[in-house]
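The values are calculated or read from the model by the stated rules, or taken from the named source; none is laboratory data. This is a predicted model, so every value here is computed, not measured. As a convention, Cβ positions derive from the backbone with ideal geometry for all residues, glycine included, and neighbour counts pool all protein chains shown. With ligands, DNA and RNA removed, areas are computed over all heavy atoms of the protein, side chains included. Shrake-Rupley method; radii C 1.70, N 1.55, O 1.52, S 1.80 Å.
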Amino acid sequence: MIEIIVKSIRVKTALSKSRLKELDYSLNPYLGCAYSCTYCYAPNFTPNEEASLNWGKVIIVKENLLEILRKEVFLKRKGTVGVSTITDPYQPIEALKKITRESISLLLSHNFRVSIQTKSPLVLRDLDVLIQNKKKIDVGFTVTSLGRWKELEPNAPPPKARIRALERLSEEGIETWLFLGPIIKGFNDHEIESVIEEISGIKTRIVFDKFRFYRGLKYKEGDTEWWKKVKENILNYCKKYNIECHEESEDWIYERKRFFKPLF
Ligand code: SF4
């Protein structure tokens, strides 16, 4: 178990305008992420040098985030909030601090829509809040590999535990999705079928994407021909296992708005 240094800061904003087209806002209760994924590009977008340069070792807690959010839910236009976009909202510190839980409760009670993305079954702790607000939420779990995941996500919960958590949420009638990616040429592209097979039978959908290079990352982006083949394989496996599949693209952004209907 690696030792994590926890620090705190005060912030002026809780909801930031999202760079992702499918979201209106992003909310990141923490800066830095204990899961230390080797493909993570979030350090490039983390506005705190200490967390960004010591990725996986330093976590910064936004200690007054809820105080600010309590005002913003009245002041800001309703919209969809991504929780989170540059950290995992259910990483271990959340078990103690509960800032994610309190934030989503507050947002949902003020009619914001919440889109959660995590690698942690800790999200099940908040099942009560999620069940009460089924129509306003969706929850996505990232899975990259069943065999080599430790090399990619050394401190994250095992992928099968993520899939079982997804299954539990889905059984409760909560909208879920599995993010299959990033798919890295020559690394996890041979494992796609096993991941898809593992979730077959669960009422969910898959969103997939290839690895994209950002400063400081050790993998290379795959070429167009490779991706064309991989995409074709994914679509065939999805057909074989009867699972709805979307590439993370403009189409998916459109489709997503259709599935996860806006409330406003
Ligand atoms: S869980 Fe997400 S934010 Fe955390 S290290 Fe992995 S990719 Fe980065």
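Show me the three semi-axes of the equivalent ellipsoid for the chain, from the C-alpha gyration tensor (sqrt of 5 times each eigenvalue), largest first, rounded to whole Å.
Numbers: eigenvalues 157, 100, 58 Å².
For the chain, the semi-axes come out at 28, 22, 17 Å.
Could you give the angle, 0 to 90 degrees to the nearest 10, between helix 99-109's Cα long axis and the longest principal axis of the Cα atoms of the chain?
The helix 99-109 is inclined about 80 degrees to the chain.
Under a straight-distance cross-link criterion of Cα-Cα below 14 Å, which aspartates and glutamates are reachable from residue 231, leaving out those fewer than 8 residues away in the same chain?
Output for residue 231: 189, 191, 193, 209, 223, 244, 247, 248.
How much length is gained if the chain between residue 164 and residue 109 is pulled fully straight, taking 0.36 nm per residue apart and subtracting their Cα-Cα distance, in nm to one decimal? Don't skip to the end; give the middle numbers.
Numbers: separation 55, 0.36 × 55 = 19.80 nm, distance 2.75 nm.
Here the segment from residue 164 to residue 109 would lengthen by 17.1 nm.
Hey, what's the chain come to in accessible area per residue, 1.4 Å probe, Å²? Could the numbers behind the result be given before it?
Working: 12860 Å² over 264 residues.
Using a 1.4 Å probe on heavy atoms only, each residue of the chain averages 49 Å².
Rounded if a/c is under 1.5, else prolate if a/b beats b/c, else oblate: with a ≥ b ≥ c from the C-alpha gyration tensor eigenvalues square-rooted, which is the stretch 178-247?
Working: a/c = 2.32, a/b = 1.85, b/c = 1.25.
Prolate, because a/c is 1.5 or more and a/b exceeds b/c.
Just the isolated ones, please: cysteines in the chain lacking another cysteine beta carbon under 4.7 angstrom.
Those would be 33, since no other cysteine Cβ in the chain comes under 4.7 Å of theirs.
What is the percent carbon and sulfur in the accessible area of the stretch 10-259, measuring with a 1.4 Å probe over the protein chains and ignoring ligands? Walk me through the intermediate numbers first.
On the way: 5780 of 11580 Å².
Percent of accessible area from carbon and sulfur atoms in the stretch 10-259: 50.
Quick check: from the Cα gyration tensor, does the stretch 39-192 come out rounded (a/c under 1.5), prolate or oblate? Could you put the intermediate results ahead of the total?
Numbers: a/c = 1.99, a/b = 1.28, b/c = 1.56.
Oblate shape, in that a/c is at least 1.5 and b/c is the bigger or equal ratio.
Considering only 162, 215, 205, give the residue with the highest GNM mean-square fluctuation for the chain, with springs between Cα atoms whenever their separation is below 10 Å.
Taking springs between Cα atoms under 10 Å, the residue moving most is 215.
Considering only Cα-Cα distances, which of the following residue pairs are longer than 23 Å: 17/57; 98/150; 7/160; 210/240; 135/239? Don't skip to the end; give the middle numbers.
Values: 17/57 27 Å; 98/150 26 Å; 7/160 31 Å; 210/240 21 Å; 135/239 28 Å.
Cα-Cα > 23 Å for 17/57; 98/150; 7/160; 135/239; rest within.
Rounded if a/c is under 1.5, else prolate if a/b beats b/c, else oblate: with a ≥ b ≥ c from the C-alpha gyration tensor eigenvalues square-rooted, which is the stretch 143-204?
Numbers: a/c = 2.45, a/b = 1.70, b/c = 1.45.
Note, shape of the stretch 143-204 comes out prolate.
Report, for the chain, the % of DSSP beta bridges that are antiparallel, rounded to 5. Don't jump to the answer; show the numbers that get you there.
Working: 4 of 34 bridges.
DSSP beta bridges in the chain are roughly 10 percent antiparallel.
Against the longest principal axis of the chain, how steep is helix 65-75, in degrees 0 to 90 to the nearest 10, with axes from Cα atoms?
Once rounded, the angle reads 90 degrees.
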